[in-house]
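FYI, it's all coordinate maths here, none of it is from the lab. Bear in mind that the values here come from a model prediction, so they are computed numbers and not experimental data. Counting neighbours? That spans all protein chains shown, and the Cβs are built from the backbone with ideal geometry, glycine included.
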Amino acid sequence: MSRIGRQTIKIERPVYIRESAAIVGVKEGEGPLRDSFDVVLTDDTLGESTWEKSESKLQKKAVFAALDKAGLEQKDIDYVLAGDLINQCIGAHYCMRDMDIPFLGLYGACSTMTESLSIGAMLIGGGFADNVLCATSSHFCTAEKQFRTPLEYGGQRPPAAQWTVTGSGCAALSSEKGIAMITHVTSGKVIDKGISDLTNMGAAMAPAAIDTLIAHFKETGFKPSDYDLILTGDLGHIGSDILIDLMGREGYNLRNIHNDCGKMIFDGEKQDTHAGGSGCGCCASVLCGHIMNEFKKGNLNKILVMATGALMNPMIVQQGESIPCIAHAVTIEKEVQ
């Protein structure tokens, strides 16, 4: 690996996304990307007695699906990097307790998918591993309980609110050839612009996305036009509009090259998700499902994927604090000659 800036690393040793798997809930399966997912649930409880158990089982299903598609067994995996949104990351922890694999738990809120891909690429690129699983999950019902109010409360959602995706994605990274390569990693900084509205995550997270994107372009020398797609994870409609507007003021035109997983996974007109999707499972399921399928079809050659996370909890916001956010970016491309 070689550091090419304060925040960016170029991965010199080949790191491949060997395979990936995505599993989503009922509502997500009613959206425009339905055919991109490996499994669409018919019951968001997955037969469990609590929503937390449901999410843990959801993540486990995605991990095993990725292993199966990659033709790997647990003994082949050097590390699992995983996280979620529930207190103390119990979705990932209870997923992993029955698996005999070294585990590194991560919390980057909704940025966790690209955080795991970043660290996984560094582990393989640095020669410390040959096979790494990167997984995240979220569940609408656990997130509502965690960050807002239990569903039984029947709280109203304002127009700026986003719908937490019930879904999980797992990417199997490997030193052996696969679908596409991870070639660059730009790690984000914690950015806080003073926004304290828990129901407007897009506006809170957009400044972090802008900061990471500008660092990526300056340190790599890449331009937006060098990419087929610049994909954010969780900004939704409001955050995406802010990103495009403010990046334009900085001299970067993203208007025809940017999309957001939170805009793609739901039909905004038919599904009443307000500002779009969010949650760890949003970027994870769209990337590990739809985007990897597009690479397989030859429709994509080089993308930048950047998931964004709001690093707060309800208690600290109730104490009057604003919302610090972060964004991590990963360049994924077809094999570099």
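Annotations for the structure displayed:
- Comparing LEU173, SER240, VAL15 along the charge dipole axis of the chain, the residue lying farthest to the positive side is VAL15, per the Cβ-charge model.
- Amide H contacts of SER278: TRP163, THR164, VAL165, each under 5 Å away and 5 or more positions distant or on a separate chain (H built 1.01 Å from N in the peptide plane; Pro and chain starts excluded).
- Prolate/oblate/rounded call for the stretch 201-240, Cα gyration tensor, a/c under 1.5 rounded: oblate
- Simple rule: put +1 on each Lys or Arg Cβ and -1 on each Asp or Glu Cβ in the chain, find the dipole, and look at CYS89, LEU104, SER49; the Cα lying farthest toward the positive end is LEU104.
- When the Cα atoms of the stretch 122-249 are aligned to their principal axes, the ranges along those axes come out at 50, 37, 25 Å in descending order.
- Spacing of the two label points (7 Å from each Cα toward its C-beta) at ASN87 and LYS69, in nm: 3.4 nm
- Remark: TYR94, TYR79 ranked as TYR94, TYR79, counting other beta-carbon atoms within 10 Å and listing the fewest first.
- Listed values for the stretch 66-80 are Karplus-derived 3J(HN,Hα) couplings in whole Hz (6.51 cos²θ - 1.76 cosθ + 1.60, θ = phi - 60°), namely 5, 4, 5, 5, 7, x, 10, 10, 4, 5, 7, 8, 7, 8, 10, and x replaces Gly and Pro.
- Ratio of Rg to Rh over the stretch 1-145 (Cα coordinates, Kirkwood Rh, two decimals): 0.98
- Along the stretch 176-190 the Karplus relation, 6.51 cos²θ - 1.76 cosθ + 1.60 evaluated at θ = phi - 60°, assigns HN-Hα couplings of 9, 4, x, 5, 7, 10, 9, 10, 9, 10, 10, 7, x, 10, 6 Hz to successive residues, with x for each Gly and Pro.
- Beyond 25 Å, the tail of the calculated P(r) for the chain holds 45 percent of the Cα pairs.
- Principal axes of the stretch 182-286: Cα extent on each, largest first, Å: 40, 31, 25
- Ordering HIS93, HIS216 from the fewest to the most neighbouring beta carbons within 10 Å gives HIS93, HIS216.
- About the Cα centre, charge dipole magnitude for the chain (Lys/Arg +1, Asp/Glu -1 at Cβ), debye: 640 debye
- Distance from the Cα centroid of the stretch 150-196 to that of the stretch 233-276 is 14 Å (rounded to whole angstrom).
- CD proxy at 222 nm, helix term only [per DSSP H run n ≥ 4: -39500 (n - 2.57); per residue of the chain; nearest 500]: -9500 deg cm²/dmol
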